[in-house]
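The values are calculated or read from the model by the stated rules, or taken from the named source; none is laboratory data. These figures come from a predicted structure and were not determined experimentally. So basically every Cβ, Gly included, is an ideal-geometry build from the backbone, and we count neighbours across all protein chains shown. Heavy atoms of the whole protein, side chains included, go into the accessibility calculation; ligands, DNA and RNA do not. Shrake-Rupley method; radii C 1.70, N 1.55, O 1.52, S 1.80 Å.
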Amino acid sequence: MRVLTGRKVLVPVLLAGSFYIPLNKSQAQSDLSAERKEYAAKIRDSYNFLFGKDKLSTPGNASVEGNEFIQPGAFPPATYCAHCHEQAYSDWRQALHSNSFRTPFYRTSVNILPRTKGIEFTRHCDSCHNPVGVLAGAMTPNSQVDRQFDSDGLTCMTCHSVQRLKSTEGNGGFVMGVPAVMTDENGNRIPGEAPYEEIMKYPERHSKAVMKDFYRTPEFCAACHKANLPNPLNDYKFIRAFTVYDEWQNSKFSKRNPLTFYSGDFTTCQNCHMMRKPVVLQDYGAKKGTFASHRWLAGNTAVPYYYGFDEQLQKTIEFLQSGMYLKVDLFAIKKRNSEKTIAPLGSTPFELSANETVQTMVVIQNKNIGHSLIPEVRDLYEAWVEFTVKEGDGTEIYHSGFLKPDGMLDERAHSFTNRPVNVAGEFVDNHKVWTIHSVAYDNTIQAGRSALIRYEFRIPAAAKGPLTVTARVNYRHLRQSYLNNVLGKDHPAYPVVELASRSRVLQLGSNPSAAPDPQDNPDWMRWNNLGIAYLDQLQYTDAIQAFGEVVKLRPDYADGYTNIGLTNIAWEKYGSARQGLEKALALSPGNARALYYLALVERREGNCEAEIADLQKVVEQYPLSRDARRELGISYYQQHKPEEARQQFEALQAIDPDDIAAHYNLAILYGRMGMKEKASEQAALFATKKIDPGAPTYSLDFLRRHPEISTESVPWHLHTDVSPDFAANSGPH
């Protein structure tokens, strides 16, 4: 075992000092409290409490025990922790957490706030990107706080000092404690650094000081990986920014939602983004030679590329290209002026001729991502489908989703992004989130769901077969126009990563059926994914036909019948929905998913007791199901059972503090129960969180100005290179 030496004790400094309190020195803790009060008083003298007395971080949510400013030097630096945790430090130094504040990609947009609104507004962003700065009182005009901590972003002791969470409201929804690396024999945390020999002598006290069970939960990640734009920031209203935690909670991986299309094992954020890896460097936190990765591999390739962190970049690319997450399916073709869909490709024989106009149906399945594609700041990330058709000699017939010479993406590419707009109907191009008033469209694929993208091309009369059709999902961090905003136009091309792809060879002439390709899903699942995509595109007839093919291939598959039922419900054909749902329950008695949708049918048909009984069974199985809680609350309310309804809506609000139905109904229920203050609070929350009825006009203004991408706002649309004149005169082939 390596010999650990004591570290020199640093003298406390008012604005930036570090300190160590010896074990079992209660008087020293009192002195520390006095020192903190002295520091806080000095900060308060000049701090602009723009958003209200004692609101340290508003419009962010970061807070600290005692609700007083804390010296930045109270946070031991990462180099202190590195002495025993070399592997964690090495991972962290190249990771996004350690670069959360300093990167030009963040600073370019956040620095617009102090220039246009005031530095006080940056507390919203910095509650997550630089909480030490916020809680030290640095985000105020003419601050004298020594900000040497900026370059380290989120250090070890930023996360490992969090003592509790504030529900799952995001925007820095945590309560920080005074950093401590040791406890006394009674479990009381002792602020400051400790000599390494003390830590080695009492490792269990060190662990108790720096670890909490909730650090391993998705709720811990939700403190920052969930965000909204509140009224104090935008002087408008509450707008959801991103909800990665909610997306996980609604995915199959949370085991909290009975309504997912597929089931899976319980998986947390940490299981994917902090996978245990063999240690290369010395780390006393390792267990059996492995350590939870502190690289937090995800989708950011820009930061490691910018800083030359080659190892982080390579591991990020490997993570993205693992092949686990997306499935690309060249599912079907359809000839112009023919009603027949040739599907699924590979299993169905067909003929193909030159001079035919062909539509190809590409299904992209978000198979194993615990959140959407793309989960955060979709206006900055860039993921898209590149679709090509080539003749036998390599001649390109059709290409969608290409990059132009200047690096910009083909405007007509199908991209998994969104377009936030301001009151003038202009795209919020520089991530000035406080100006967002609407979203023109959002093409993300939620966890466990699928997207259908249609491409149409004409086979030349003199085409040389065979044709190779390829669809790939590409990804770039960041969008080219944003890179240009940050770095200017003269910058190197940032990495483009292929996430998944699929190619098929189409013969001119006969294309017989073939044995299933191992890289494809089984045919029943291919049909199921098509049905999911049709359902999301509001193509109900096609969805029911697709799900009908599922149950033909898998008559034992209860969810296939449930899918038919829920499609009929979406279509408001409640009578037709019952048959499929009852068939599902016959195959899978007590199936929570089928019971949920059957309850909606019972409600429509006036069978109140059956409706409530079904929903109660769902809640018993899935007590954290927001949908089941919401609908059961509505059922109780409609049956004049206010207390039961209140309990359900309060439970719903504990799951999702932003649920509109909970705010609305609790405002009414509290009012009727004489709880006037609570009723007013809920009414105010409902008023700010409900959709602004005027907001869609901003989106329409944007779409009118940009016809080249306006089709992306339409659920069913076609990407084509066939001219309207040719299409009109081509006739059947």
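A few notes on this one:
So that you can scan it fast, the table gives a plain yes or no per residue for (1) open to solvent by 20 Å² or more (accessible area, probe 1.4 Å); (2) part of a loop (DSSP other than H, G, I, E, B):
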residue	(1), (2)
219	yes, no
227	no, no
242	yes, no
258	no, yes
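- Looking across the range 59-71 at every residue that is in contact with a Ser or Thr (Cβ under 9 Å, 6 or more places away or on another chain) and not aliphatic (A, V, I, L, M), the one that is nearest to residue 149 (Cα to Cα) is identified as 71.
- Restricting attention to the range 325-341, the residues being more than 16 Å from residue 528 (Cα to Cα) and either part of a loop (DSSP other than H, G, I, E, B) or open to solvent by less than 20 Å² (accessible area, probe 1.4 Å) (or both) number 7.
- Count - residues of the range 526-580 that are among the aliphatic types (A, V, I, L, M), out of contact with any strand residue (DSSP E or B) (no Cβ under 9 Å at 6 or more places or on another chain) and surrounded by 18 or more Cβ atoms within 10 Å (Cβ to Cβ): 11
- Helices (runs of 4 or more DSSP H) completely within the range 56-172 that count 3 or more residues being under 28 Å from residue 428 (Cβ atoms): 104-110, 112-116, 123-129, 131-135
- Annotation note: of 423, 496, 473, 486, the sole residue that is buried (at least 22 other Cβ atoms within 10 Å of the Cβ) and at pLDDT 95 or above is 473.
- Single residue of the range 426-442 satisfying the filter (within 20 Å of residue 475 (Cα to Cα) and out of contact with any Leu (no Cβ under 7 Å at 6 or more places or on another chain)) that is most open to solvent (accessible area, probe 1.4 Å): 442
- Number of positions in the range 30-64 that are at pLDDT below 90 and crowded, with 17+ Cβ neighbours inside 10 Å: 1
- Residue within the range 287-303 that is assigned to a helix (DSSP H, G or I) and in contact with a helix residue (DSSP H, G or I) (Cβ under 9 Å, 6 or more places away or on another chain) present: yes
- Single residue of 543, 514 found to be assigned to a loop (DSSP other than H, G, I, E, B) and hydrophobic (A, V, I, L, M, F, W, C): 514
- If the condition is being touching an Asp or Glu at 6+ places or on another chain (Cβ under 8 Å), in a loop (DSSP other than H, G, I, E, B) and among the small types (Gly, Ala, Ser), then the range 442-468 contributes 447, 463, 465.
- Candidate set: the range 96-130, residues that are in contact (Cβ under 8 Å) with a residue 40 or more places away in the chain and of a type in the set (D, E, K, R); chosen: the one nearest to residue 308 (Cα to Cα): 102
- Contact map, the range 264-283: first residue within 20 Å of residue 213 (Cβ to Cβ), second residue part of a strand (DSSP E or B) and open to solvent by less than 100 Å² (accessible area, probe 1.4 Å), Cβ cut-off under 6 Å, separation 6 or more or different chains; pairs are 274/292; 276/290; 276/292.
- When the test is whether a residue is open to solvent by less than 40 Å² (accessible area, probe 1.4 Å) and closer than 29 Å to residue 122 by Cα, residue 253 does not pass it.
- All told, residue 652 meets the bar of being closer than 17 Å to residue 670 by Cα, surrounded by 24 or more Cβ atoms within 10 Å (Cβ to Cβ) and either out of contact with any Cys (no Cβ under 6 Å at 6 or more places or on another chain) or basic (Lys, Arg) (or both).
- None of 600, 624 is surrounded by fewer than 21 Cβ atoms within 10 Å (Cβ to Cβ), touching a residue at least 24 places away in the same chain (Cβ under 8 Å), not in a helix (DSSP H, G or I) and not aromatic (Phe, Trp, Tyr) except 624.
- With respect to (1) without any contact (Cβ under 8 Å) to a residue 60 or more places away in the chain; (2) assigned to a loop (DSSP other than H, G, I, E, B); (3) surrounded by fewer than 18 Cβ atoms within 10 Å (Cβ to Cβ), the lone exception for residue 204 is condition (2).
- Qualifying residue in the range 386-393 (condition: surrounded by fewer than 19 Cβ atoms within 10 Å (Cβ to Cβ), under 20 Å from residue 476 (Cα atoms) and touching a strand residue (DSSP E or B) at 6+ places or on another chain (Cβ under 7 Å)): no
- Residue that is farthest from the chain's Cα centre (by Cα) [pool: residues in the range 662-721 that are acidic (Asp, Glu) and under 27 Å from residue 451 (Cβ atoms)]: 721
- Unmet requirement for residue 405, which otherwise passes all of (1) touching a residue at least 40 places away in the same chain (Cβ under 8 Å); (2) surrounded by fewer than 22 Cβ atoms within 10 Å (Cβ to Cβ); (3) not hydroxyl-bearing (Ser, Thr, Tyr); (4) not in a strand (DSSP E or B): (1)
- Residue 505 fulfils the conditions (1) farther than 23 Å from residue 570 by Cβ; (2) in contact (Cβ under 8 Å) with a residue 40 or more places away in the chain; (3) among the β-branched types (Val, Ile, Thr) except for a single criterion, (2).
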